[in-house]
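Report on the structure given below.
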């Protein structure tokens, strides 16, 4: 298929791999977790303090057992999904602290906001999977909020969900609660029911919380997205191949750890790398460099026969305006068209990850539908819910509404029409009791 986006040759991909091997062998990657270091030592890795060194054979062994395609099971079996090869999924935004309205007004997010995003995901025709921490509720205790997020994910939506990666204990809580849904932890040891996001800390570091969570999740056969964020502009104008090699080293180190813990556990090769604005020094996720890195990272993942992850509808815009639409669509279409399998942040993000917007969620959701329609050229004609196709007279007669204003009305309608998916009362009670018990432990 013809594509003007840059395609790396086998020689290019091999060169990046070779630079990566040199980094892993001679510089190493730090893991600030005692058990993790013990796992590496027990499997013959050279460990100096917190730094782990890798031979190329270690990486190749891990890649042989990591699956290129896997299923994430939903509590509603009809909504289970596949990730990898030609199968891809859209997920909502992740990690925002604020809610932003159509005028750009900003407030701290609440637990009610989180619940409402779960409801929008449940009723979405295009979002395949529930996320994790779409927003960080400021009205809930930080120490236990992950329990409430898990509970909302599991009760308010019957699609597959992302798990809690904030710490080893957070991962255990998610696993225990998933075990309740499936009748015991033993029933998910060979059935992946969650995907969790494990972020490295560039350059070449995994925090104790992330390493511990990865070990716990892998031990219980739950999928992990191992993700690196390297910023173009932070590395003394290093050539892109060096930036790709640095993120590659971090990702492959995490994937190797997962395969040492449990050979065959599903893993996803992920990136959030982008550019730093040279004028302000701020992270830019609306930059064209982000889309370029998405496209190149997808190729690196295919080089290793691994599913890939990137962002989707990403923007630096601070309201639902033309900039938000342009930047978001560019990144989303690049991700889907480049073969990314796990497209996080597909709906709702504003302000360089800082905020979520209910109105933008619905607009982005429709763009997800359009993109999916474009990828399948012989599919049925796409019928939009938001994109205006009226003539001017009708538009004027209906109040000259902009798309963000239409979305504002639609949010209330969608939430009003929401119906909680069925769940056995006993299971709901057990989940609720688990959360309450853990909160008071």
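A few remarks follow.
- Residue among 323, 295 that alone is outside any strand (DSSP E or B) and either touching a residue at least 60 places away in the same chain (Cβ under 8 Å) or touching a strand residue (DSSP E or B) at 6+ places or on another chain (Cβ under 8 Å) (or both): 295
- Identification of strands (runs of 3 or more DSSP E) wholly contained in the range 37-147 with 3 or more residues that are free of Cβ contacts under 8 Å to residues at least 60 places away in the same chain yields 46-48.
- Once the range 222-236 is narrowed to residues that are buried (at least 20 other Cβ atoms within 10 Å of the Cβ) and in a loop (DSSP other than H, G, I, E, B), the residue that is modelled with the lowest pLDDT is 230.
- Any hit, the range 343-362, residues being within 27 Å of residue 76 (Cα to Cα) and surrounded by fewer than 16 Cβ atoms within 10 Å (Cβ to Cβ): no
- Residue among 301, 317 that is surrounded by 19 or more Cβ atoms within 10 Å (Cβ to Cβ) and assigned to a loop (DSSP other than H, G, I, E, B): 317
- Condition check for residue 100: more than 29 Å from residue 307 (Cα to Cα) and either crowded, with 22+ Cβ neighbours inside 10 Å or within 19 Å of the chain's Cα centre (by Cα) (or both): yes
- Those residues of the range 35-69 which are more than 26 Å from residue 16 (Cα to Cα) and touching a strand residue (DSSP E or B) at 6+ places or on another chain (Cβ under 6 Å), in sequence order: 37, 41
- Filter result (touching a strand residue (DSSP E or B) at 6+ places or on another chain (Cβ under 6 Å) and surrounded by fewer than 17 Cβ atoms within 10 Å (Cβ to Cβ)) within the range 109-147: 138
- Residue 424 being surrounded by 13 or more Cβ atoms within 10 Å (Cβ to Cβ) and modelled with pLDDT of 95 or more: no
- Residue match in the range 164-180 (condition: assigned to a helix (DSSP H, G or I), without any contact (Cβ under 8 Å) to a residue 12 or more places away in the chain and in contact with a helix residue (DSSP H, G or I) (Cβ under 9 Å, 6 or more places away or on another chain)): yes
- If you check 66, 74 for being at pLDDT 95 or above, out of contact with any helix residue (DSSP H, G or I) (no Cβ under 9 Å at 6 or more places or on another chain) and surrounded by 19 or more Cβ atoms within 10 Å (Cβ to Cβ), only one passes: 74.
- Matching entry among 352, 313, 308 (being closer than 23 Å to residue 67 by Cβ and touching a strand residue (DSSP E or B) at 6+ places or on another chain (Cβ under 8 Å)): 308
- Any chance residue 29 is in contact with a helix residue (DSSP H, G or I) (Cβ under 6 Å, 6 or more places away or on another chain), under 19 Å from residue 208 (Cα atoms) and crowded, with 16+ Cβ neighbours inside 10 Å: yes
- Selection count where residues are without any contact (Cβ under 8 Å) to a residue 12 or more places away in the chain, assigned to a helix (DSSP H, G or I) and under 21 Å from residue 159 (Cβ atoms), scope the range 181-192: 1
- Flag if residue 210 is in contact with a strand residue (DSSP E or B) (Cβ under 7 Å, 6 or more places away or on another chain), at negative phi, part of a helix (DSSP H, G or I) and crowded, with 20+ Cβ neighbours inside 10 Å: yes
- Evaluation of residue 195 against the conditions (1) assigned to a helix (DSSP H, G or I); (2) touching a residue at least 24 places away in the same chain (Cβ under 8 Å); (3) closer than 20 Å to residue 147 by Cβ shows that the sole unmet condition is (1).
The values are calculated or read from the model by the stated rules, or taken from the named source; none is laboratory data. The structure displayed is predicted, hence computed values, not measured ones. Virtual Cβ from ideal backbone geometry, glycine too; neighbours counted across all protein chains shown.
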